[in-house]
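Report on the following structure.
The values are calculated or read from the model by the stated rules, or taken from the named source; none is laboratory data. Computed from a predicted structure; not experimentally measured. Positions of Cβ are backbone-derived with ideal geometry, glycine not excepted, and every protein chain shown enters the neighbour counts. To get the accessible areas, we keep the full protein, side chains included, count just its heavy atoms, and leave off ligands, DNA and RNA. Shrake-Rupley method; radii C 1.70, N 1.55, O 1.52, S 1.80 Å.
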Amino acid sequence: MKRYYQKEIETASHEQIRAWQSERLVKQVRHVWDNVPYYRKKMEEKGVTPADIRGVEDLHKLPFLTKADLREAYPYGLMGKPLKDCVRIQSTSGTTGKRVVAFYTQKDIDLWEDCCARAIVAVGGTEEDVCQVCYGYGLFTGGPGLNGGSHKAGCLTLPMSSGNTDRQLQFMVDLETTIICCTPSYAAYLAESIHERGLRDRIKLKAGIFGAEAWSEEMRRDIEKSLGIKAYDIYGLTEISGPGVSFECEEQTGMHINEDHFIAEIIDPETGEVLPEGSKGELVFTCITKEAFPLLRYRTRDICVLSRKPCSCGRTHVKMSKPMGRSDDMLIIKGVNVFPSQIETVLIEQGYQANYQIVVDRVGHSDTLEVQVEMTADKFTDSLSKIAEMEKNLVDALKAMLGIYAKVKLVAPKTIARSEGKAVRIIDKRKI
Ligand code: DLL
């Protein structure tokens with residue numbers, strides 16, 4: 001079995017990786033200084049110039065970037081290349097303020113797809129495989145990234161996109177899919193549907209590549225058992241390219257970060273101080289090969305731990321644990337990033353006040369979202385049909401904003417508990 005997509009890189013010595021990182025970092029800082037006035041200003045404010053960055057050991061001198069910077073610089077302010085050199089954008093859902101728009105040159109796409117190909121080969125993908133990609137295609141990075149990776153790995157690629165379970169299962173059976181890529185919650189749903197339809201003996205799956213949202217070891221075991229496959233984790237974020245920033249190997253004990261493209265640090269989310277290896281903290285990435293959207297020291301808000309313990313797969317790149325939570329209020333529901341402020345915007349636009357509670361739960365392996373909203377005195381009614389109509393309007397408006405279904409429950413004025421401190425807006429009952 002072919003074990004690596006780019007063996008020399010994936011198994012390079014630590015010294016070699018550090019040498020690549022230092023050389024690329026120095027070049028990247030110069031590129032950003034010359035081409036991204038927004039970041040140059042941040043460097044100037046911190047009193048840092050490209051001459052101060054001579055290698056990875058100087059990384060900590062650079063200023064951080066956050067989602068707030070992305071918002072401020074939206075849409076073009078963090079680009080490192082003129083638009084004429086860019087060939088693609090990808091984006092996350094959300095209002096303008098929260099939406100992330102990332103730009104790619106052809107070279108950026110190529111390197112990103114290499115990262116995804118590494119992930120596919122790591123789970124055993126070869127020219128003999130049929131790889132069914134059921135992440136969303138379009139602006140979301142999941143579909144396009146794994147599609148490109150699957151081509152590079154030489155698999156026969158089924159660009160299914162998400163949804164339409166009947167069609168997914170028909171292709172899976174007829175074309176004898178061996179590798180499936182989707183969110184873990186959709187994988188669990190597919191597994192259930194396969195059993196319900198008595199298709200378990202007709203599927204040829206051997207591996208799944210599941211990411212874009214948090215999932216537990218129990219969920220991994222359930223999916224593996226139910227489908228008779230190995231289930232691997234994959235991580236990434238739009239700002240840094242998309243899926244494939246890191247991926248799991250056969251050891252299944254954390255995800256190797258593609259360190260020849262991304263330098264990872266763990267910081268204390270409160271103080272910004274860089275923490276020693278093995279500490280739990282916020283993951284920060286510096287892109288050292290990206291041209292069009294070259295973010296330096298980008299704070300992901302994902303909380304995790306890095307480990308350099310040697311891995312039995314032979315890969316030498318540092319491993320990150322599964323993200324253990326976030327240091328902001330972003331929720332990931334059915335693989336979609338949701339900020340409570342988006343929900344609040346909809347409520348206010350629809351004439352409600354910001355008295356609401358968001359209840360997230362997991363039924364089986366599928367997320368549910370309920371928004372409880374107080375009726376205002378002028379909207380208050382005891383007509384059930386009127387309430388149902390108002391709820392339906394809110395469901396539609398939330399769907400338009402978030403892209404997912406949220407159950408809405410209207411409650412009488414002044415029934416949601418008021419808090420004296422921070423309002424408790426989110427009740428997340430999921431146990432990850
Ligand atoms: O979710 C990219 C992706 C697509 C990754 C397909 C894996 C597979 P965004 O929509 O920008 O990008 O969301 C990024 O999702 O900061 C994490 O909080 C979360 N996330 C991504 N992968 C995982 C994972 C894509 N494996 C945000 N486990 C990140 C837990 C994950 N959380």
For a quick check of your reading: which strands (runs of 3 or more DSSP E) sit entirely within region 72-167 and have at least 2 residues that are open to solvent by less than 20 Å² (accessible area, probe 1.4 Å), of a type in the set (Phe, Trp, Tyr) and closer than 29 Å to Leu331 by Cα?
101-104
Going by what's in this entry, would Asp329 be described as more than 26 Å from Gly281 (Cβ to Cβ), of a type in the set (D, E, K, R) and surrounded by fewer than 15 Cβ atoms within 10 Å (Cβ to Cβ)?
no
Tally of residues being part of a helix (DSSP H, G or I) and open to solvent by 60 Å² or more (accessible area, probe 1.4 Å) across region 51-60
3
Only one of Ser312, Ser321 that is among the small types (Gly, Ala, Ser), more than 14 Å from Gly211 (Cα to Cα) and either within 16 Å of the ligand (Cβ to nearest atom) or out of contact with any Phe, Trp or Tyr (no Cβ under 6 Å at 6 or more places or on another chain) (or both):
Ser312
Region 207-229, residues that are out of contact with any strand residue (DSSP E or B) (no Cβ under 8 Å at 6 or more places or on another chain) and of a type in the set (A, V, I, L, M, F, W, C)
Met219
Only one of Lys230, Lys225 that is touching a residue at least 40 places away in the same chain (Cβ under 8 Å) and of a type in the set (Lys, Arg)
Lys230
Criterion first (on the phi > 0 side of the Ramachandran plot and open to solvent by 60 Å² or more (accessible area, probe 1.4 Å)) does Lys386 satisfy it?
no
What tally of residues in region 6-17 results from selecting those that are within 26 Å of the chain's Cα centre (by Cα) and surrounded by fewer than 18 Cβ atoms within 10 Å (Cβ to Cβ)?
3
For region 267-278, how many residues meet the condition of being in contact with a strand residue (DSSP E or B) (Cβ under 8 Å, 6 or more places away or on another chain), open to solvent by 10 Å² or more (accessible area, probe 1.4 Å) and under 21 Å from Pro63 (Cα atoms)?
6
Residue check for Ser185: of a type in the set (S, T, N, Q) and in a loop (DSSP other than H, G, I, E, B)
no
The one condition Ile263 fails out of (1) open to solvent by less than 30 Å² (accessible area, probe 1.4 Å); (2) part of a strand (DSSP E or B); (3) within 16 Å of the ligand (Cβ to nearest atom) is (3)
Some residue of region 233-242 being more than 30 Å from Arg18 (Cβ to Cβ), of a type in the set (Ser, Thr, Tyr) and either within 16 Å of the ligand (Cβ to nearest atom) or open to solvent by less than 10 Å² (accessible area, probe 1.4 Å) (or both):
no
Hey, any hits in region 216-232 for a residue that's surrounded by fewer than 17 Cβ atoms within 10 Å (Cβ to Cβ), more than 16 Å from the ligand (Cβ to nearest atom) and on the phi > 0 side of the Ramachandran plot?
yes
Answer from Asn393, Asn355 - the residue that is surrounded by 20 or more Cβ atoms within 10 Å (Cβ to Cβ), over 22 Å from the mean Cα position of the chain (by Cα) and among the polar types (S, T, N, Q):
Asn355
Note: among Val32, Val36, Val48, just one is open to solvent by less than 20 Å² (accessible area, probe 1.4 Å) and over 25 Å from Thr238 (Cβ atoms), namely Val48
Unique residue being in contact (Cβ under 8 Å) with a residue 24 or more places away in the chain, assigned to a helix (DSSP H, G or I) and under 30 Å from Ala187 (Cβ atoms) when the list is Leu369, Leu394, Leu398
Leu398
Pairs please, first residue from region 201-212 and outside any loop (DSSP other than H, G, I, E, B), second anywhere and within 16 Å of the ligand (Cβ to nearest atom) and charged (D, E, K, R), Cβ atoms under 7 Å, 6+ apart in sequence or on different chains.
Ala207/Lys230; Phe210/Asp233; Gly211/Asp233
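Matching residues to (1) within 16 Å of the chain's Cα centre (by Cα); (2) without any contact (Cβ under 8 Å) to a residue 40 or more places away in the chain:
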| position | (1), (2) |
| --- | --- |
| Leu78 | no, no |
| Val87 | no, yes |
| Ser91 | yes, no |
| Cys115 | yes, no |
| Val123 | no, no |
| Gln132 | no, no |
| Tyr135 | yes, no |
| Ser150 | no, yes |
